[in-house]
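See structure below.
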Amino acid sequence: MSRYRVAVHIIPREGILDPQGHAVADALRTLGFPGVQDVRVGRHVVVETDADTAEAARTETRAMCERLLANPVIEDFEIASITRS
Amino acid sequence: MRFGIVSFPGSNCDTDAYHAVADALGEEAVMLWHKSHDLAGVDVVILPGGFAYGDYLRAGAIARFSPIMREVVAYAQRGGRVLAICNGFQIACEAGLLPGAFVRNVSQSFICEPVPLRVETTETAFTNAYARGQVVRIPIAHGEGRYVASPAELDALEDAERVVFRYVNAAGEPTADGNPNGAARNIAGIINAAGNVLGIMPHPERAVDATVGGVDGLALFESLVARVAA
């Protein structure tokens, strides 16, 4: 059993209007970044969990996302990184 | 008739619901603590508005794991009536009692104001005391009130006449300018397929007194009394 640090990105699903992202995109363009096409604002969750392997930690975190951390009606998630801690 | 009102940590409309039932409606109201496993033999469970568990993660996401929610879900699955208001509606969606989810208002602002709603169907235990197509004035108070669901889910709701309340403009039409939060298809309230769980984003319990906010919410509670008495 090892301890893993699993980072998860949760972002609004494509097709769900993200007014926060639009406001940030507007601000960035105003700030002098005219190339900004789109911004989506989501959440970054870091889970420290004990598991036998990194793959087991990934599977477990995926289940956590499906059951609580993300709402599939409105959000997509991706596991950004897994590191031993 | 006995109404049970769930108090979660962070509920702030539970006493409004109590007042609506006990004082305006004149029926029995009992408070149900979130840690309880006992629904006290109630005829209707009210999931009230507020910010249960601080709305951490997402509105309603943590509240659905409250001990009492296990009983509420089982009760609903047995056909028990659940009135889910505002944050209660968000909790009911997270708990799988109703389809869809809620996201931030398009305006990004918390909105607190009375709005016109159209009663889309009176064929429910919650709206039989209204007239079909009646426009009522009920306050909203939410930052994350924009209802979303997949197009297929929205079509299924429409086809089965499960959209119960819609936001409308002054002329009573469900237009974009009559939609305060950007909700899909102007949806303000829906019912589950079995017809025993109603979710409503506006606050009928805040519209039960002529001196403060009008009485357009009272018929929702009267509908429930009429149905149980029948």
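Each reported figure results from applying straightforward, stated rules to the coordinates on display, with no laboratory input. Please read these numbers as outputs of a predicted model, since none were measured by experiment. Reconstructed Cβ throughout: ideal geometry from the backbone, glycine too, with neighbour counts over all protein chains shown.
Here are the numbers:
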read-out	value
In segment B:117-153, the residues that are within 14 Å of chain A (Cβ to nearest Cβ) and either crowded, with 17+ Cβ neighbours inside 10 Å or not acidic (Asp, Glu) (or both)	B:GLY143, B:GLU144, B:GLY145, B:ARG146, B:TYR147, B:VAL148, B:ALA149, B:SER150, B:PRO151, B:ALA152
Any hit, segment B:157-168, residues being under 18 Å from the mean Cα position of the chain (by Cα) and on the phi > 0 side of the Ramachandran plot	yes
Every pair of residues 6+ apart whose Cβ atoms lie under 7 Å, when the first sits in segment B:77-104 and is more than 14 Å from every other protein chain (Cβ to nearest Cβ) while the second is of a type in the set (Phe, Trp, Tyr)	B:LEU83/B:PHE126; B:ASN87/B:PHE51
Candidate set: segment B:184-223, residues that are surrounded by 24 or more Cβ atoms within 10 Å (Cβ to Cβ) and assigned to a loop (DSSP other than H, G, I, E, B); chosen: the one nearest to the other protein chains (Cβ to nearest Cβ)	B:MET201
Selection count where residues are more than 18 Å from B:ALA149 (Cα to Cα), charged (D, E, K, R) and surrounded by 12 or more Cβ atoms within 10 Å (Cβ to Cβ), scope segment A:51-82	4
Breaking point among (1) under 25 Å from A:GLN20 (Cβ atoms); (2) within 14 Å of chain A (Cβ to nearest Cβ); (3) in contact (Cβ under 8 Å) with a residue 24 or more places away in the chain, for B:ALA176	(3)
Residues of segment B:169-202 satisfying the condition of being of a type in the set (Val, Ile, Thr) and within 22 Å of B:GLN90 (Cβ to Cβ)	B:ILE187, B:ILE190, B:ILE191, B:VAL197, B:ILE200
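Residue-by-condition table, conditions (1) crowded, with 22+ Cβ neighbours inside 10 Å; (2) in contact with a helix residue (DSSP H, G or I) (Cβ under 7 Å, 6 or more places away or on another chain); (3) in contact (Cβ under 8 Å) with a residue 60 or more places away in the chain; (4) not acidic (Asp, Glu):
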position	(1), (2), (3), (4)
B:TYR18	no, no, no, yes
B:ASP38	no, no, no, no
B:LEU47	yes, yes, no, yes
B:ILE68	yes, no, yes, yes
